[in-house]
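Reviewing the structure listed below.
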Amino acid sequence: MAASGTNWAGNVVYRARELAQPTTLDELRAVVVRSAAVRPLGSRHSFNRIADSDGVQVSLGAMPGTVEIDGDRRVVRVGGGLTYGQVAPMLASAGWALPNLASLPHISIAGAVQTGTHGSGARNPSLAQSVIGMEIMRADGEIETLGRDHPELDAHRVGLGALGIVTATELAIEPAFDVAQAVHTGLPWDAAEEHFDEIMGAAYSVSMFTGFADDGVRQVWVKRRTDAETTVVDLEGFGATGATATLHPVPGGDVAAVTPQLDQPGPWHARLPHFRSEFTPSAGEEIQCEYLLRAGDAVDAIRAVRGLSERLADVLYIAEIRRVAADTAWLAPSSGRDSVAIHFTFRRDEAGVAAVLPAIDDAFAPFDARPHWGKVSAMSADRLRAVYPRLADFAAVAHRVDPGGRFRNPYLSDLLD
Ligand SMILES: Cc1cc2nc3c(=O)[nH]c(=O)nc-3n(C[C@H](O)[C@H](O)[C@H](O)COP(=O)(O)OP(=O)(O)OC[C@H]3O[C@@H](n4cnc5c(N)ncnc54)[C@H](O)[C@@H]3O)c2cc1C
């Protein structure tokens with residue numbers, strides 16, 4: 001029996017009394033049926049207690065690493081313990097791609113999609129939208145297969161680990177493509193706000209990095225597909241400067257960690273994430289929070305956070321602003337609305353972060369902002385129910401498929417019971 005330890009960032013010490021690491025479906029089934037409380041654990045990259053358990057956590061990391069590519073159906077079927085960093089190079093070398101990736105490739109596919117993880121791009125929904133089927137172990141140890149037409153696939157895509165343990169996922173794939181990534185620095189706030197939609201829609205994936213202080217948007221990362229006709233906006237005309245050296249988004253960060261920039265084309269999986277797969281990030285030393293709100297409210301929301309810049313300065317490493325297209329998944333933070341995602345990477349100063357979170361919540365409240373399920377927030381369960389209108393429907397599905405609450409933990413009980 002292994003002890004569970006901490007999440008990647010080290011800000012959560014798991015309470016689970018056991019970490020089970022089955023190597024087969026039968027061993028996984030045995031863990032599920034013997035445990036009154038069991039939670040699937042992915043690559044531990046969440047910052048809150050969503051993956052914790054009062055009983056057993058179960059990792060699928062030792063299960064077979066199935067990757068089955070079906071080019072005719074344009075689908076890849078992947079095992080429930082695999083990470084994007086493991087699967088993406090295999091897809092690429094077979095000539096295929098996923099439409100988008102998050103900033104870090106080391107996260108597990110199942111864990112990422114279950115929390116609504118996203119990359120950037122005005123036309124790119126969350127990573128969960130690529131899920132067209134899944135195999136999920138229910139509380140009785142039986143595996144249910146959900147196909148593309150299953151009426152509740154949208155409840156399961158972003159399922160918070162509350163509906164069962166995803167043992168395999170089917171993801172839609174497309175022909176491989178190349179991406180070139182260029183960084184601009186010093187975009188003044190006036191230009192960023194006046195031309196926000198134009199800049200964020202200019203390329204396949206665009207990110208703005210800022211400290212919300214008067215120095216404006218410190219870096220704009222523009223990732224363009226080389227096969228697409230993209231009008232790249234003239235950021236220099238807006239007052240920014242093209243970077244001539246590779247930059248890390250966090251001041252003082254190690255540039256060896258970031259994916260190639262300087263507009264050098266390369267395979268999709270080596271450009272869409274900000275961080276290199278082959279660079280193993282050391283222990284987190286950071287805490288993240290993120291809110292998604294209607295894309296049309298982006299500029300007003302940015303102004304509201306700029307008003308907090310002095311309070312943020314002591315704890316904020318960097319903030320990132322991205323665009324996410326509307327999702328059909330019930331609990332995706334971008335569900336039903338084209339969204340802007342405003343993300344904060346804080347120092348691992350738990351008291352300092354806890355002190356600023358309510359102010360961030362308040363700043364975003366007028367916009368019905370939805371927090372990322374895998375990051376910290378000060379939002380109450382009542383408020384979560386208000387901003388996620390399908391939460392009651394989701395709770396009904398959770399109670400039906402898991403009537404005894406085997407997959408529940410205190411975090412989910414607050415929300416669903
Ligand atoms: C450095 C860093 C960068 C990040 N970048 C981004 C980003 O660019 N965009 C973004 O949106 N988010 C980002 N995140 C957040 C991250 O994607 C989410 O927290 C995600 O859930 C992490 O996946 P995980 O496997 O580590 O999840 P865990 O923390 O292990 O688990 C998260 C949830 O998934 C469930 N789960 C895990 N495996 C399974 C399974 N097999 N079946 C069912 N449920 C399962 C767990 O029960 C839990 O509820 C980042 C996090 C870090 C630390």
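Each residue of segment 265-277 is assigned a 3J(HN,Hα), and the resulting list reads x, x, x, 3, 6, 9, 10, 5, x, 6, 10, 6, 5 Hz, derived from the Karplus form 6.51 cos²θ - 1.76 cosθ + 1.60 (θ = phi - 60°), x at Gly and Pro.
Counting protein heavy atoms only, segment 136-273 has 48 percent of its accessible area on carbon and sulfur, 1.4 angstrom probe. For the residues Phe275, Phe407, a 1.4 Å probe over the protein chains yields an accessible-area ranking, largest first, of Phe275, Phe407. Label the chain by shape, choosing from rounded, prolate and oblate, from the square roots a ≥ b ≥ c of the eigenvalues of the Cα gyration tensor; if a/c is under 1.5 it is rounded, and otherwise prolate applies when a/b is larger than b/c, oblate when it is not. Judged from the Cα gyration tensor, the chain comes out prolate (a/c at least 1.5, a/b above b/c). Indicate the gyration tensor shape class of segment 233-344 (rounded, prolate or oblate), computed on the Cα atoms with a ≥ b ≥ c the square roots of the eigenvalues: a/c under 1.5 is rounded; otherwise a/b larger than b/c is prolate and the rest oblate. It is rounded, given that a/c, with a ≥ b ≥ c, falls under 1.5. With the whole protein complex present, Ser93 retains an accessible surface near 100 Å², based on a 1.4 Å probe. Just check segment 178-380 against the gyration tensor rule for me: Cα atoms, a ≥ b ≥ c as the square roots of the eigenvalues, rounded for a/c under 1.5, and otherwise prolate or oblate depending on whether a/b exceeds b/c. Judged from the Cα gyration tensor, segment 178-380 comes out rounded (a/c under 1.5). Among Lys375, Lys223, the sequence by solvent-accessible area, most first, with a 1.4 Å probe is Lys375, Lys223. Alpha carbon centre of segment 69-105 versus segment 308-375: separation in Å? Distance between centres, Cα-based: 28 Å.
Counting heavy atoms of the protein chains alone, Met137 has an accessible area of about 0 Å² for a 1.4 Å probe. For the chain, the solvent-accessible area with a 1.4 angstrom probe is 38 square angstrom per residue.
Across the chain, the relative contact order, built from alpha-carbon pairs under 8 Å that are at least six residues apart, equals 18 percent. Dipole check for segment 293-417: with +1 at the C-beta of Lys and Arg, -1 at the C-beta of Asp and Glu, and the Cα centre as origin, the magnitude is about 280 Debye. Ignoring everything but the protein chains, give the 1.4 Å probe accessible area of Ser380 in square angstrom, nearest 10. Taking all protein chains as shown, Ser380 has close to 60 Å². Ranked by solvent-accessible area (1.4 Å probe, protein heavy atoms only, all chains present), the residues Thr169, Thr66 order from largest to smallest as Thr66, Thr169. For segment 1-60, the share of accessible area belonging to carbon and sulfur comes to 54 percent (1.4 Å probe, ligands and nucleic acids excluded).
The values are calculated or read from the model by the stated rules, or taken from the named source; none is laboratory data. Treat the numbers as computed from the prediction; the structure is a model and nothing was measured. Methodologically, a virtual Cβ is constructed for each residue, glycine included, from the backbone with ideal geometry; neighbour enumeration extends over all protein chains shown. To get the accessible areas, we keep the full protein, side chains included, count just its heavy atoms, and leave off ligands, DNA and RNA. Shrake-Rupley method; radii C 1.70, N 1.55, O 1.52, S 1.80 Å.
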